[in-house]
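For reference, the structure is listed below as C-alpha cells.
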Amino acid sequence: MTTVETLLRADLRDFSGYRSARSEALTGDVWLNANESAWANPVDGAAQLRRYPQPQPDALRERLARLYGVAPAQVLVGRGSDEGIDLLLRAFCPPGRGRIVIAPPVFGMYAVCARLHGAETVDVPLVDGPGGLCADLAAMGDAALAQGASLLFLCSPGNPSGELLSLSAIAALATRLRGRCIVVVDEAYLEYAQAPSASTLLAEHDNIAVLRTLSKAHALAAARIGCVLSNPALIDALRRCQAPYPLPVPAVDAALAALAPEAVALTMSRMEAVREARARLAAGLRGLAGVRRVYPSAGNFLLVRFADAGAAFSALLAAGVVVRDMRAMPQLGDALRITVGTAAECRRVLAALETLPTEAVA
C-alpha cells in the first residue's frame, strides 16, 4: 500500500466528497444546473460573477505546475497555504485522536488547525545554537514514530527562525517515515532563499507534501491563493475534503496575471533586492547596543533578540513602525520579528532603535 492509502482516515477511503454543479465536465450554452441567478448583479458590468467558479481552475493549476516544476495532477489550489494545512489535518487525522509533530517556535496555524480538529500536537522544540534556531529532524522523526503521528510539519525557511532545511535531510526523514507519516514542507518563503524546492523530492517520496503560496514573494496576500504539491493520490484525497468553490474568480484572475512570464520575471528580480536589504538590515541591527542577537535568515524577515524587547517594540511603535511581537512564543521572551521592507522602511527601523537600553528595564 502507498503511504496515502495507509494513512488516509479509514472513514474517508470510499468518500467521494461533495459533487458540485461545476464538478462534471459538461458542455452547453444554457446553464440551468446550479440554481444561479438568470441576471448579473448591477455592479457586475462584465457579468463574470453570477456563475460559480471551477473548483480547481485548470488554467491556474497548469500555471502553478509550470512555476513549481510539477504536473497539474500534483497541484491542489486553495485559499492560501492555510487551507492546505487544514485539509491535511482533515484527511489524515481522525477527529479527536490524530497527532501531528511540529518544532516550536513555528508558524502557529499548524497547532491551531490541529486544535480545531481535536488532534494532539507533539512538540519537538527548535534547538538554539551557534547556527541559529534549528529543527532537530532526528528527534522529530523519533517523536513521529513513537507517538504514531500521521503528519510532521517542517517550515523551510522557518517562520520565525529563518532556518533553511537541506533537501538531503528532508529526504532522509521522509525515507525513515515512509508508510508511517507524511512530511509536510511549508515553503511560504522559499523564493527569498534562492534554493531548490522539496517538490524535487516528490518523484521518490510518496509521503512528502509541499505547501506554496502567492502571498509573500508574489505580493498577493489579499488574493489568498496557495497550493499543495504532492503525488496525485494525496492531491485527490485532499480535493475530496475541500469546500466546493474555494477560489473566487477575481482572485484567480489576479493570480493568472501575476503568473504571466513577465510578471514572474519581475518578481524574481526583486528577490535579490530583498536579500541585499536583509543583509544590510541585519548588519545595522547587529551594530545597535540594545540588540543581543540577530538570527541568520533565508526569509524576508529577521528574528532579533533585545536586551529589552518591550522597549524596542514601544520605540518602533512610537516611530510608526509595526513589527511582530514574539515574546509570547516559546524560547522567544526577548524577541521581535522584523519584516524586511523597503530601504527607507529599514532605515526607520534602525533609527527608532538607536537609543535602546543595553539592559532590560526593571
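Below, the figures for the structure above:
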read-out	value
Residue identified as outside any loop (DSSP other than H, G, I, E, B) and either buried (at least 17 other Cβ atoms within 10 Å of the Cβ) or within 26 Å of the chain's Cα centre (by Cα) (or both) among Arg348, Arg337	Arg337
Residue match in region 185-206 (condition: surrounded by 22 or more Cβ atoms within 10 Å (Cβ to Cβ), touching a Ser or Thr at 6+ places or on another chain (Cβ under 9 Å), touching a residue at least 60 places away in the same chain (Cβ under 8 Å) and assigned to a strand (DSSP E or B))	yes
Qualifying positions in region 87-112 - part of a helix (DSSP H, G or I) and either at pLDDT below 95 or aliphatic (A, V, I, L, M) (or both)	Leu87, Leu88, Leu89, Ala91, Met109, Ala111, Val112
Cβ pairs under 6 Å, 6+ apart, first in region 326-351 and assigned by TED's automatic domain parsing to the domain that holds Arg292, second assigned to a loop (DSSP other than H, G, I, E, B) and among the polar types (S, T, N, Q)	Val340/Asn300
Residues located in region 67-86, provided they are in a helix (DSSP H, G or I) and either among the aromatic types (Phe, Trp, Tyr) or buried (at least 23 other Cβ atoms within 10 Å of the Cβ) (or both)	Tyr68, Gln74, Ser81, Glu83, Gly84, Ile85
Residues of region 5-20 satisfying the condition of being modelled with pLDDT under 90 and either basic (Lys, Arg) or surrounded by 11 or more Cβ atoms within 10 Å (Cβ to Cβ) (or both)	Gly17, Tyr18, Arg19, Ser20
Residues of region 99-135 satisfying the condition of being touching a residue at least 12 places away in the same chain (Cβ under 8 Å), small (Gly, Ala, Ser) and out of contact with any helix residue (DSSP H, G or I) (no Cβ under 7 Å at 6 or more places or on another chain)	Gly118, Gly131, Gly132, Ala135
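The values are calculated or read from the model by the stated rules, or taken from the named source; none is laboratory data. Given the structure is predicted, the values throughout are model-derived calculations rather than measurements. Virtual Cβ from ideal backbone geometry, glycine too; neighbours counted across all protein chains shown.
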